[in-house]
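Single-structure report; data block below.
The values are calculated or read from the model by the stated rules, or taken from the named source; none is laboratory data. This one's a predicted model, so the numbers in the text were calculated from it and none came from an experiment. Here the Cβ positions follow ideal geometry from the backbone for every residue, glycine too, while neighbour counts run over all protein chains shown. Accessible surface areas use protein heavy atoms only, side chains included; no ligands, DNA or RNA. Shrake-Rupley method; radii C 1.70, N 1.55, O 1.52, S 1.80 Å.
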Amino acid sequence: MPRPDTAALAALKTLFETKRGKVLPLPPKLARLYGCLRMPLPRSHPHVFSNFVTTLDGVVSLNAKGHASGADISGFNAQDRMVMGLLRAIADVVIIGSGTLEADRRHVWTAEAIFPELAREYRQLREARGKRGAPLNVIVSGSGAIDLRLPVFASGKVRALIVTTSAGAKRLRRQRAPDSVEIRAIRHRAGAVNQGEGAVHHRAGAVHRGAGAVHRGASAIPAGAILDEVCRVSPGKLILVEGGPRLLGDFFAERLVDEQFLTLAPQIAGRDAGDRRLSLVMGKAFAPRDALWGTLVDVRRGSSHLFLRYSFPRSRSGQLRPVL
């Protein structure tokens with residue numbers, strides 16, 4: 001894929017924005033390309049946000065060999081990758097499932113990796129916010145079937161946390177873990193779906209949100225337990241969930257998603273009966289009995305792509321409450 005000329009990269013046009021949150025100190029080039037970015041500065045609990053791209057008919061991955069990535073969904077859109085990098089740059093933590101990792105084994109989940117042309121600006125933004133180094137990369141895997149020689153673990157570019165089960169941790173410890181990798185085992189619930197294995201990869205590499213097969217695992221790791229372990233390891237409060245749809249579904253089911261960033265690409269993918277194309281959330285059903293309603297808080301346009309942002313506020317009990 002050809003690299004875009006950032007000098008010629010068109011700026012997003014802001015169509016609607018609210019005044020919620022603190023204005024972040026974007027470097028001039030990022031401010032020109034994105035506009036004003038506000039984010040809450042949470043104190044009592046982490047602010048969890050997700051970022052995906054979807055077709056007009058709701059497909060986030062074609063889940064077909066050679067065409068499983070988000071590039072097929074976004075059309076290799078450079079503005080989409082610019083926003084992906086921006087959100088990684090402000091995040092303290094990026095969480096993915098092991099299927100996401102398997103879909104792009106050479107990737108490291110940093111802003112610089114997804115849009116290297118703006119690497120300097122992303123670093124300036126992190127430094128302006130008092131952040132050192134890249135966000136913590138968190139990989140969720142019930143089975144622990146992960147190769148610790150992959151760059152996300154062995155390159156030294158990021159700190160990595162693997163959240164797994166007791167059996168998964170035992171399997172992982174048969175390998176020699178680099179010093180930058182921490183393994184945390186969580187007691188699991190028998191018979192549930194494993195959201196780590198076969199998860200769709202939302203955004204990695206050259207807009208690669210590859211989709212592995214969706215498998216049934218022997219156990220699942222609750223989203224709340226993942227978040228608890230992340231908070232024990234990282235003091236940061238901005239947590240980005242990049243996929244896949246089953247992992248995101250678990251976070252929504254436990255009412256842990258505060259915001260959803262969603263790029264709407266101008267294509268119709270369609271579905272055949274029985275095909276394996278995936279939507280934003282898989283493995284969970286909410287409507288009609290327990291529908292989740294969000295509030296539109298930001299809309300930007302880049303040519304025919306729309307960059308949407310929805311808020312899902314939590315109630316005092318910690319649960320998301322529907323917005324009427």
| request: Just tell me which lysines come within less than 21 Å, Cα to Cα, of K29; anything on the same chain fewer than 8 places away is out. | output: K13, K131
| query | Where the accessible area of the range 40-120 is counted over protein heavy atoms with a 1.4 Å probe, how much of it, in %, is carbon and sulfur? | reply | 52 percent
| query | With r defined as the distance between the Cβ atoms of R232 and E127 and R0 fixed at 35 Å, what FRET efficiency is calculated, to the nearest 0.05? | reply | 0.85
| request: Just grab the label-to-label distance for F16 and D179, each label 7 Å out from Cα along the Cβ direction, in nm (one decimal). | output: 5.1 nm
| said: Please give the Cα centre distance for the range 245-289 versus the range 134-168, rounded to the nearest Å. | reply: 24 Å
| field | Full-extension gain in nm, D290 to K65, via 0.36 nm per residue minus C-alpha separation | value | 77.5 nm
| What aspartates and glutamates sit close enough to K170 to cross-link, taking a C-alpha to C-alpha distance under 16 Å and skipping anything fewer than 8 places away on the same chain? | D147, E182
| task | Would you tally the net charge around P151, using a Cβ to Cβ cut-off of less than 9 Å, leaving P151 out, and scoring K and R as +1, D and E as -1? | result | +4
